[in-house]
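Below is one structure, written out as structure tokens, with a few remarks after it.
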Amino acid sequence: MQLTKEEIQHIAELSRLNLSAEEEEKYRNQLGSILDYVKMLDEVKTDKVIPTAQVSGLMDVFRDDEVKPWNQEEAEASLSQSERENGNVKVKRVLQ
Amino acid sequence: MNLNELNIKQARELLDNGKTTSLEITEACLAQIAAQDGQIHACLTVCAAEAREAAKAADKRLKAGERGPLLGVPYLCKDILMTKGIRTTAASKILENYIAPYDATVVRKLKEAGAVMLGKTNLDEFAHGASTENSAFGPTKNPYDLTRVAGGSSGGSAAAVAANMCLFALASDTGGSIRQPSSFCGVVGLKPSYGRVSRFGLLSMTSSTDVVGPIAKTAEDAEIVFKAIAGQDELDATSAPEKIISDLQKKIIDPQAKTLNGLRIGLPKEYFLPELNPEIRERVMALADKLKEAGAQIKEVSLPYTKYGIPVYYIITPSEISSNLARFDGIGWGLKDEEAQNLQEFYKKSRGAGFGPEAKRRIMLGTYTLSAGYYDAYYKKAQTVRTLIINDFNQAFKQVDVLLTPTVPHGAFKIGEKSNDPLAMYLEDIFVTGASLAGLPAISVPAGTVKVKDGGDMPLGAQLIGARFQEEMLFKISEFLV
């Protein structure tokens, strides 16, 4: 399966990846051959098979919705190690 | 024998009898790392000062009369597990300077047990690969032949154990990442059942198959580490409570049991196709003979959907990766582009510069297979074939108790031999993805050596796959394979 240049650019856009022209061409070919390979699955009949999303053997794992204490410094550093202001994370401008 | 060459059991005896100290063993390991790692490159970070402190603390506990299976035992940790205060890079530029704010549950458990962490080991970036060549910091070399790969993604952990830089190592396995490098480096690697060990603090790759497990010098050592890290964790909702063990398992794992009478071992014929290297077949069959001598019954079984394991894995894995790696957006941590004028550009530039080629490939592949119009054809299709692969194992475990297979269809390959062909690298996982997709425990144990193309003899592993939660059975059987 050949992906077009436009397709690979669209995938890169959805993936939020900046690619050089060289990279675009390389991944266009490599992704094409991987997709060709996995197409082998089409020969398997799966009409009546239920898909498997997880194999933990567990269902509906609930816990009480209560706040448990966690080291404040660890909690903040988990949120962000970049610039913070009054407990908020600073980001780049979203709207021009 | 140098102290760094000890296994856990030997070290335990010396430590408990006061014949040596944790600090002495730790120093021996640090000296071995200093002497060897310039060539092998198994370690990304060595925390000698912290290790010495931890060793001294363990010695104090020992002196006070405390005992514990891992008290004072030095180990190395795959750099995809979070370690408080010590950088965790996932072998990626995007996390090059990331300092985790807390410990992964497995790391915390080992800390409490008094094990001594020496540092962090190399891996394929974010554990994407089968050779450790995808590390942003350069490949790990195989201690048996420095021109060959150590395997991957846990190549650093496997090479470090093989080169006696530590007594054991922690690693992770998503589709073979513990077992394949263990086979290449001639050590023992256990992939536990999915959910048996907490994944809290493991940087997520493929959430539906990721597990943490040990790489060790003996199966007995792997069992000691496994017991120390296993168990349900309220911080990982997929971790499972202990399950009741079957009567047969009880009988087999009884420490008094000196035979494997009553045990049925299956050889899946799809793992022994005519094109399998005859030398590898011979090695694995030699192990089958040992088990037969011990009283086990050997039977051929069939797992007809085996050949679809790789295509299923290489749809499900990139799909889950594309979602899991979306969190690396340059904002909270990691590499960031300071020039970007707006948020979209910032994301794209930070990620474009931070991720290496294989991570980018998988993110894009997964983004594509999950995107509108392709989800059913790829992702859902793979999930349904995954069901059929699981059914195969369920059927097989009605006829036999454990499966015996080769771990990898060859010995370690040359550095650079497959790095330009992603598909060839994916095929490395041919014998190891099945147990991952089905969430089953599997151990790779040394099975001798095999001749490699334009080289000498390299280590080779054989794999035992058990029914869910039957790790103890795998350890017991491994005892008969030494």
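Its DSSP H runs of at least 4 residues, each contributing -39,500 (n - 2.57), put the calculated 222 nm mean residue ellipticity of chain B at -11500 deg cm²/dmol, to the nearest 500. With the whole protein complex present, residue B:410 retains an accessible surface near 50 Å², based on a 1.4 Å probe. P(r) tail for the protein assembly as shown: Cα pairs beyond 34 Å make up 38% of the total.
Within chain B, antiparallel bridges make up roughly 70 percent of the DSSP beta bridges whose residues both belong there. Measuring how big chain A is from its alpha-carbon positions, Rg and Dmax come out at 22.4, 57 Å. Cross-link check: pairs A:68/B:84; B:307/B:418; A:39/B:398 evaluated at a Cα-Cα cut-off of 24 Å; pairs beyond the cut-off: A:39/B:398.
Comparing B:399, A:21, A:79 along the charge dipole axis of the protein assembly as shown, the residue lying farthest to the positive side is B:399, per the Cβ-charge model. The apolar share of the surface of the protein assembly as shown, taken as the fraction of accessible area on carbon and sulfur atoms (1.4 Å probe, ligands and nucleic acids excluded), comes to 52 percent. Since only B:319, B:383, B:285 are under comparison, the one whose Cα sits farthest along the positive direction of the charge dipole of the protein assembly as shown, derived from C-beta charges on Lys, Arg, Asp and Glu, is B:285. Checking every one of the chymotrypsin sites (Phe, Trp or Tyr not before Pro) in chain A against DSSP loop status and a limit of 12 other Cβ atoms within 10 Å picks out A:62, A:70. In terms of the mean number of neighbouring beta-carbon atoms within 10 Å, the peptides B:246-257, B:148-159 order highest first as B:148-159, B:246-257.
To the nearest 100 Å², how much accessible surface do chains A and B cover up together, summed over both, with a 1.4 Å probe?
Answer for the A-B pair: about 5400 Å² buried.
Of the peptides B:288-296, B:77-85, the order by per-residue mean of other Cβ atoms within 10 Å, starting with the highest, comes out as B:77-85, B:288-296. Label 7 Å along Cα→Cβ of residue B:290; region B:225-258 residues with amide nitrogen under 17 Å? Flagged as within label range: B:258. The trypsin sites (Lys or Arg not before Pro) of region A:38-96 meeting both criteria, a DSSP state outside H, G, I, E and B (loop) and at most 11 other C-beta atoms within 10 angstrom of the site's C-beta, are A:45, A:48, A:63, A:90, A:93. Quick check on region B:347-440: take the gyration tensor over C-alpha atoms, sort the square-rooted eigenvalues as a ≥ b ≥ c, and tell me if it's rounded (a/c under 1.5), prolate or oblate. Oblate. Rolling a 1.4 angstrom probe over the protein heavy atoms with all chains in place gives the protein assembly as shown an accessible area of 40 Å² per residue. Taken about its Cα centre, region B:1-103 carries a charge dipole of about 240 debye when Lys and Arg each add +1 at the Cβ and Asp and Glu each add -1 at the Cβ.
Normalised size of chain B, defined as Cα radius of gyration per 2.2 N^0.38 Å with N residues, equals 0.93.
The values are calculated or read from the model by the stated rules, or taken from the named source; none is laboratory data. Given the structure is predicted, the values throughout are model-derived calculations rather than measurements. Here the Cβ is made from the backbone with ideal geometry for all residues, glycine too, and neighbour counts use every protein chain on show. The protein model used for the area step is the full one, side chains on, heavy atoms only, and it has no ligands, DNA or RNA in it. Shrake-Rupley method; radii C 1.70, N 1.55, O 1.52, S 1.80 Å.
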